[in-house]
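Contents: one structure, followed by commentary.
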Amino acid sequence: MTRLVVCDTGPLLHLSEAGGLHLLQSTGRVLIPDLVADEFEQNAQGWKPPHWITIQKMDKDAGKQAENWRVTGIVDPGEANAIALAVQLKADWLLTDDAKARQFAESLGLEVHGSIGLLLWSLGEGFIQKDQAYNLLDGLA
C-alpha cells in the first residue's frame, strides 16, 4: 500500500533549498493543495512543484474548514489548506515545519513530520547515507 502524504509549503521550500526535495518522492504519493503550489512558486524563485507531486483540489467542506481555521487564527492559510486536505484524504502523513500547525494537526489525529524528520526517516530507510544527511541538514539549518 502506498503512503499518502500531504505537504505544506515549508518543507517544499526548505528541502528545495537544501537540495533534498527528491527525498519526498520516496515517502509515497505526495499531494499539495492549490494554495501551497501557489505559495511554493511565489517563494521558490519561479520553481514549480516537480511532476511527481499532485496538486489536489479540496472538496467544499474541507475548503470551509480551512477558511475557518485561517480566519480564527488557528493556522496560516497554507498550513490550514494542507491540514484540511490531509483530513479530507485521510492522509498517512502531513509534512509541515510550522510548530503551531504541527500541534494543531496532531490534535486532529494526523501523523505529522517535518523536514528534519523526513531527513532522518530517509537515512533510516537507507535512501541516503550519513554524509548526505549531514550535508542536507546543513542546508536546512
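The values are calculated or read from the model by the stated rules, or taken from the named source; none is laboratory data. This one's a predicted model, so the numbers in the text were calculated from it and none came from an experiment. Glycine gets a Cβ as well: all are built from the backbone with ideal geometry, and neighbour counts include every protein chain shown. All accessible areas refer to the heavy atoms of the entire protein, side chains included, with ligands and DNA or RNA removed. Shrake-Rupley method; radii C 1.70, N 1.55, O 1.52, S 1.80 Å.
Can you go through VAL30, VAL5, VAL75 and tell me which one is over 23 Å from LEU137 (Cβ atoms) and not small (Gly, Ala, Ser)?
Only one candidate qualifies: VAL75.
For segment 78-104, give me the residue count where each residue is free of Cβ contacts under 8 Å to residues at least 60 places away in the same chain, of a type in the set (Gly, Ala, Ser) and either farther than 18 Å from LEU13 by Cβ or open to solvent by 30 Å² or more (accessible area, probe 1.4 Å) (or both).
Counting residues in segment 78-104 that are free of Cβ contacts under 8 Å to residues at least 60 places away in the same chain, of a type in the set (Gly, Ala, Ser) and either farther than 18 Å from LEU13 by Cβ or open to solvent by 30 Å² or more (accessible area, probe 1.4 Å) (or both) gives 2.
Looking at GLY114, GLY63, can you tell me which residue is surrounded by 15 or more Cβ atoms within 10 Å (Cβ to Cβ) and in contact with an Asp or Glu (Cβ under 7 Å, 6 or more places away or on another chain)? Let's see the steps before the verdict.
Numbers: GLY63 fails: in contact with an Asp or Glu (Cβ under 7 Å, 6 or more places away or on another chain).
After ruling out the rest, the residue left standing is GLY114.
All but one of (1) touching a residue at least 12 places away in the same chain (Cβ under 8 Å); (2) surrounded by fewer than 21 Cβ atoms within 10 Å (Cβ to Cβ); (3) assigned to a helix (DSSP H, G or I) hold for GLY10, so report the exception by its number.
Unmet for GLY10, out of (1) touching a residue at least 12 places away in the same chain (Cβ under 8 Å); (2) surrounded by fewer than 21 Cβ atoms within 10 Å (Cβ to Cβ); (3) assigned to a helix (DSSP H, G or I): (2).
Among (1) surrounded by fewer than 15 Cβ atoms within 10 Å (Cβ to Cβ); (2) touching a Leu at 6+ places or on another chain (Cβ under 7 Å); (3) not β-branched (Val, Ile, Thr), where does LEU24 come up short?
(1)
Check GLU17, GLU41 and return the single one that is modelled with pLDDT under 95, under 17 Å from LEU95 (Cα atoms) and acidic (Asp, Glu). Working first, answer last.
Numbers: GLU41 fails: under 17 Å from LEU95 (Cα atoms).
The conditions single out GLU17.
Look through segment 27-58, keep the residues that are small (Gly, Ala, Ser) and without any contact (Cβ under 8 Å) to a residue 40 or more places away in the chain, and return whichever of them is surrounded by the fewest Cβ atoms within 10 Å (Cβ to Cβ). Quick ask: steps written out before the conclusion?
First pass over segment 27-58, keeping only residues small (Gly, Ala, Ser): 28, 37, 44, 46.
Filter once more, so that each one left must be without any contact (Cβ under 8 Å) to a residue 40 or more places away in the chain: 37, 44, 46.
Numbers: ALA37: 19, ALA44: 16, GLY46: 6.
The extreme case among them is GLY46.
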